[in-house]
Each structure stands twice: as C-alpha cells, then as structure tokens.
Amino acid sequence: MTSLICNLAGVALRNPIIMASGTFGFGREYGELYDLSILGGIASKGLTLHPRSGNTGCRVQETPSGMMNSVGLENPGVASFLENELDQLVASNTAVIANLGGANLEEYVNGAAQISEACDLRQRQGQQAVDLLELNISCPNVKEGGIQFGVDTEVARQIVREVRQVTSIPLMVKLSPNAQDIVAMAHMCEQEGADAVSLVNTFSAMKIDIYQRRSAFQNSYAGLSGPAIKPIALRMVHQVSHAVSIPVVGMGGISSVEDIVEYIMAGAEAVQIGTYNFVNLHAGEELVAGLTAWMEKEKVQSLDEIRGIV
Ligand SMILES: Cc1cc2nc3c(=O)[nH]c(=O)nc-3n(C[C@H](O)[C@H](O)[C@H](O)COP(=O)(O)O)c2cc1C
C-alpha cells in the first residue's frame, strides 16, 4: 500500500531519493556495491562543454559536521559523457539527471544544446536518454572576478533563459545558497520556464593553513556541505517551496530518514544525498529501505500526505 513515487516535472521517480552531483560520479563505483535501480535518480558529476582537470592542491577537508571541497569541476566533458557514460547510467534503470556547469554563457548554452541534440537522436532511435537537465549556476563567472553566476538574479537569468531556448529536456536549475536573494532567484527560474529548482549547492567557506599563512585551498574559498549546513538549507527549501509553484528538490546535509522527512515536510518533492555518500557507501539503499519502513510505521501511505505540511 505504501507508495514512494514522486512526480518531478513530469518525470516519474520510483522514490524521492536522488544521488547528488559530484558525490556519486557516474554511478559506476557505487553500482558495484548495490543495485542502483532502487534509487529515485542519479545526478551526474558536474559536466562542462570541454573536459576539465579540476583544481590542484588541497581539494577536500573534513570540518566539524561536514566537509569542504574545491574539486574545480573535474570532468571528462559533455561529448565524452554522451559517448562513454550515458549508456551505463541509462542501464542502471533509474532517472538520469545530467548536471551541467560552465565558465561562461556560451559554454552553458553549447553544453545544453549538445546534450539536447544527442538525447533527441537517442529518442528517435528508441533509446532512453537524459530525463532531466540540472543546471549548476554555482560556477565561478571568470569575467566577473570569479563571483558565482548564481549570486545575482539578473546574471543567472541570462543563463536560464538561453539554456531554456536550446533544450526541451525538463530543466531543473540548481540554486546557490550564496544567492543574494534565493527566493527571487527561484521566482526568476520559474518565470524563465524552468520545470523545477534544486537547492542548495555548497556554501562559500574558508580554511586557513596557519603554518603556510595562506588559505588551505588554491582558490581561497571552498564549498561547505554536510550536516553542518542542513538547518540553513532546510530553511531555504521551506522559503522557496512556499514561494514557487514548480517542484523543489531539497538537499544539504541529509544523513538520515528523519532528515529526508524534514525536507519533504518543508515542501520538497524529492531530495538529494551528497556528502553522506562518502560517510556511508550504502547510503542510497539504506535510506530507501529506511524511508519505506518509516512510512509503514507512521502509517503514511503517500508522501503527498506530509509534503509541505509545515
Ligand atoms: C566533493 C563534492 C563535489 C561536488 N560537485 C558538484 C558538482 O559537480 N555539481 C554540482 O551541482 N554540485 C556539486 N556538489 C554539491 C552537491 O551536489 C550538493 O549540492 C551539496 O554537497 C549539498 O548537499 P550535501 O550536504 O548532502 O553534500 C559537490 C559536493 C561535493 C561534496
């Protein structure tokens, strides 16, 4: 009787549990540990039009109740993803979300167009393709001195608008918690035709190596994730999901079934699991089983009964 099914912008998810971008690769390694088809979906490692080797120096640091990362979007590029990763992701029989970043507007638009054209072709050949495009607007805008595109609503608007024009794949914009006004940002995404928003990406943070007398990270700042950010991310998901009518996917610090239930009660249609995948390699399967058991125990037959009730 218990149903965990979710409807994310017309994409039917088996359950609300999606693996977050950058913490699950393309699923290959985790697929050796458990059956990925039990998941609601997988968001790919952040892709860019061209391959990137990422940042040098320190890339990750553990913090109290979390971690900082400055990986620098290391990835094989869109073309290699389409050629070498998409087939096995599709074969995992869960919703496939392609996460796309960029260093400038052209890179975002050309990357989205390339994914879109390849997916159109696959569909004409009867093959499954990418189910959702997740647009990561937290990338540094090189022209603006490295400030994230996702900080200023009008800067981000241009990216969402132009990407929307080149793709008919359901579009989910992933918001930065560093946005000047995250509710205005979500409204903008809705106005520009996004089908969903996901939030949050990592919080801009810092660690100083006191003996070297400089930042521990090459790019001065790094992104904070994990349980430390959960209460703030939850507040943002609550604000955004009460302000827009498109679905909201919540994330930030989820490491238990209770955390997932909090996000759903705050209004999230689905959730993403990031840092916790590094703590518990079986996070996905344990959380799916745990959420099912929780719903049975609490006599919740559908997540619609508790979604947005707070
Ligand atoms: C090591 C690492 C790499 C990440 N890479 C990406 C990425 O490529 N694209 C993206 O949109 N988010 C990326 N993220 C952000 C996560 O997807 C997620 O939004 C964030 O970590 C908050 O969730 P969490 O607290 O559950 O980890 C990365 C996070 C971590 C920890």
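We did not get these values from a lab; they are worked out from the coordinates using the rules stated. In this text, all values refer to a predicted model and were calculated from it rather than measured experimentally. So basically every Cβ, Gly included, is an ideal-geometry build from the backbone, and we count neighbours across all protein chains shown.
Quick look at the numbers
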read-out	value
Most mobile of Gly150, Gly22, Gly126 in a GNM of the chain (Cα contacts under 10 Å)	Gly126
Rg [Å, one decimal], Dmax [Å, integer] - region 33-182, C-alpha atoms	15.9, 50
13 Å beta-carbon shell around Lys143, net charge (K/R +1, D/E -1)	-4
Violating pairs (Cα-Cα greater than 24 angstrom) within the set Lys45/Lys174; Lys45/Lys230; Lys143/Lys174; Lys230/Lys299	Lys230/Lys299
Fluctuation leader among Cys189, Cys139, Cys58 - the chain, Gaussian network, Cα springs under 10 angstrom	Cys58
Bins of 5 Å, starting at 0 and running to the largest distance - Cα pair percent for region 148-266	2, 12, 20, 19, 17, 13, 9, 5, 2, 1, 0
Two-decimal log10 I(q)/I(0) for the chain, as the Debye equation yields it once each C-alpha is a single scatterer, q = 0.11, 0.15 Å⁻¹	-0.62, -1.21
Cα-based Rg and Dmax for region 115-202, where Dmax is the largest Cα-Cα distance (Å)	13.9, 44
Residue-by-residue Karplus 3J(HN,Hα) for region 142-151, coefficients 6.51, -1.76, 1.60, Hz, glycine and proline x	4, 5, 9, x, x, 5, 4, 4, x, 7
Most fluctuating residue given options Arg122, Arg14, Arg157, as computed from a GNM of the chain linking Cα atoms under 10 Å	Arg122
MRE, 222 nm, helices only [DSSP H, n ≥ 4, -39500 (n - 2.57), over the chain, to nearest 500]	-9000 deg cm²/dmol
